[in-house]
Amino acid sequence: LITVPLMVLEFPLLLALGRRANGMFYSLGGISLAMLITAWIAEVSPISSGQWWGFYLVSCACWVVMVSMLYGQVTKAASHLPAEFQDNLKCMKTFIAV
């Protein structure tokens, strides 16, 4: 349960972007927390009910937003870093997406 937020929050921290990382840090943290909470509510809801579908779709939407932030904002913010770090970042992004 705690691995997803930690894994996502490490991106802004590892990039050492200073103040630019604050917004990404809080956005990614909030989105990952919303994803986990809505997924948990869907998990305990009756399967195929309206409540289940609603929370499941919200959780999926949070995941899509999180991945788009990682591939958009985080990649753009890390563009000034060395090529070796870019390769490591690519590997980390793939791990999150899969």
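Quick note: the coordinates plus some simple rules give every number you see, no bench work behind them. No experiment lies behind these values; they were computed from the predicted model shown. No Cβ is skipped: glycine too gets one built from the backbone with ideal geometry, and neighbour counts run over all protein chains shown.
Hey, what angle do you get for helix 83-97 against the long axis of the chain, alpha-carbon based, 0 to 90 degrees rounded to 10?
That works out to roughly 0 degrees.
Which ³J(HN,Hα) values in Hz, rounded to whole numbers, follow from the phi angles of the range 62-69 under the Karplus curve 6.51 cos²θ - 1.76 cosθ + 1.60, where θ = phi - 60° and Gly and Pro get x?
Running phi through 6.51 cos²θ - 1.76 cosθ + 1.60 with θ = phi - 60° gives 4, 5, 4, 5, 4, 5, 5, 5 Hz.
Multiply the residue separation of residue 68 and residue 26 by 0.36 nm, subtract the distance between their alpha-carbon atoms, and state the gained length in nm to one decimal.
Values: separation 42, 0.36 × 42 = 15.12 nm, distance 1.54 nm.
Once the chain is fully extended between residue 68 and residue 26, it gains 13.6 nm.
Using a simple spin-label model with points 7 Å from Cα along the Cα→Cβ vector, what separation in nm is obtained for residue 53 and residue 98?
Here the answer is 3.3 nm between the modelled labels.
Between residue 33 and residue 45, how many nm apart are label points set 7 Å from Cα along the C-beta direction?
2.1
Quick check: the angle from helix 3-15's long axis to the longest principal axis of the chain, C-alpha only, nearest 10 degrees?
20
Subtracting the Cα-Cα distance from 0.36 nm times the residue separation, let me have the gained length for residue 87 to residue 75 in nm, one decimal. Please list the in-between numbers first.
Numbers: separation 12, 0.36 × 12 = 4.32 nm, distance 1.12 nm.
Roughly 3.2 nm would be gained on extension.
In a GNM of the chain with a 10 Å cut-off on Cα contacts, which of 11, 55, 85 has the highest mean-square fluctuation?
Maximum fluctuation in the GNM of the chain, among the listed residues, is at 85.
Sticking to Cα atoms, compute the Rg of the chain to one decimal and its Dmax as the biggest Cα-Cα distance, whole number, in Å.
Spelled out, the Cα radius of gyration and Dmax of the chain are 15.0, 49 Å.
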